[in-house]
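What follows is a short report on a single structure.
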Amino acid sequence: MSAILHVLRPGLHTTVQDFGRFGFQELGVPVAGALDMAGLRLANALAGNRPGEACLEISYLGPTLRVEADSLRLAVCGAVRLTLSEAAAGGDRRVLESDRSHRLGRGDILEVGAVSAASVAYLAVAGGFDLVPVMGSLSTYVRAGLGPLDGKPLACGTVLPLCAATAGDGGDLALPEAMAYGDGPIRVMLGPQQDSFTEAALATFLSAEYVVSKDADRMGLRLEGPRLDHRSGPDIASDGLVNGCIQVPGNGGPIVLLADHQTTGGYAKIATVISADLPRLGRAMPGTRLTFTAVTADQAAAARLALEREIGRRVEGLRPPGAAPGIDLAALYGGNLVSGMVDAIPDDGR
């Protein structure tokens, strides 16, 4: 008998996502992929998968899933309510913790509730989903119907085949602490068309507060706030777009492009969000207040390294749920212990 997860209720907008579909932008095919790459990687680490294994990206409200396998191990990363109805216990319900893995049995029903404090959370299954890649990726790009499951979000009755028939012999793992995404200004590098904007517009962009509007989705965040004026109009010769670039159309309202952005565009771009802050923006909900600050390329590179260290620290700290954190020997041995020594010989020479 094949191992599957059966979707009883789909949630608001749940899609299969991995690191993205690279190498086809020249053909007009967006990269897509997870909005929060840190969350995707941590969910996979909890499930014992490689970092880029495809997960379910849960937007705002999650699905209800029935296990149709002898057993499976899944992990959910993000602040989300989980309720399990256990078949072996006659359907008794209990609340599960997120940011850890869980072993489920045949007939168990997992309800993934509302995501809090962010727009997305991630659900990984140990071994991954047994789906056919499209152009080398399992990411779903809904606008073009591209990806697994006919390029669509989960629906009632969707069947998710699993690569692993059982959960295996390993134990569950938990994050030592939730991922820290930061709460300061969003860091950007100005350009590539900052000279298309007035000096006043640049100053406003780097000092004013903007609010994520209700017109926010996987393609981008439309921001509400002070108008940004162009020197001679918003239009440029269409050029390539990247994740995090900030277009400003004729109405003067900035739009931050995210994973499902188009491949080219003809509006001037005032700045581009650095890669280290993209997970924060991918999690931003309508009503989120944002400010921006300009950094250099060296500062952007240092921020990315800091993010990688932050993710790595949590992956290295994975432990069985409830286990006390151990001593960080790497940090201990890496410290300057010699400078911490004291002289035990009294001043009087004894």
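Bear in mind that the values in this text are calculations on the coordinates, not laboratory data. Since we're looking at a predicted model, the values are computed, not measured. With ideal geometry, Cβ positions are generated from the backbone for all residues, glycine too; neighbour counts draw on all protein chains shown.
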Scoring only Lys, Arg, Asp and Glu (+1, +1, -1, -1) among other residues with Cβ under 13 Å from the Cβ of Leu290 yields +1
Computed about the Cα centre, the charge dipole of the range 186-295 from +1 Lys/Arg and -1 Asp/Glu charges at the Cβ has a magnitude in debye, to the nearest 20, of 300
When Arg314, Arg231 are ranked with the fewest other C-beta atoms within 10 Å first, the list becomes Arg231, Arg314
Given unit charges at Cβ for Lys, Arg (+) and Asp, Glu (-), the dipole magnitude of the chain about its Cα centre in debye, nearest 20, is 640
In terms of the alpha carbon gyration tensor, root eigenvalues a ≥ b ≥ c, rounded if a/c is under 1.5 and otherwise prolate when a/b exceeds b/c or oblate, the range 186-295 is rounded
Per the 1/(1 + (r/R0)^6) rule, R0 = 22 Å and r from the Cβ atoms of Asp169 and Glu316, FRET efficiency to 0.05 is 0.50
Charge tally for neighbours of Ala323 with beta carbon under 12 Å away, counting Lys, Arg as +1 and Asp, Glu as -1, is +1
Expected sort for Glu26, Glu53 with the fewest Cβ neighbours (10 Å cutoff) up front is Glu26, Glu53
From DSSP H assignment alone, runs of 4+ in the chain each adding -39500 (n - 2.57), the sum over residues rounded to the nearest 500 puts [θ] at 222 nm at -4000 deg cm²/dmol
Per its Cα gyration tensor (rounded if a/c is under 1.5, else prolate when a/b beats b/c, else oblate), the range 1-108 is best filed as prolate
Extension length gain for Ala178 and Arg143 (0.36 nm per residue less Cα distance), in nm, is 9.4 nm
PRE zone check, label point 7 Å out along Cα-to-Cβ of Thr264, amide N under 15 Å, scope the range 211-239, hits 236-239
Most exposed first, judged by fewest Cβ atoms within 10 angstrom, Tyr267, Tyr141, Tyr60, Tyr122 run Tyr60, Tyr267, Tyr141, Tyr122
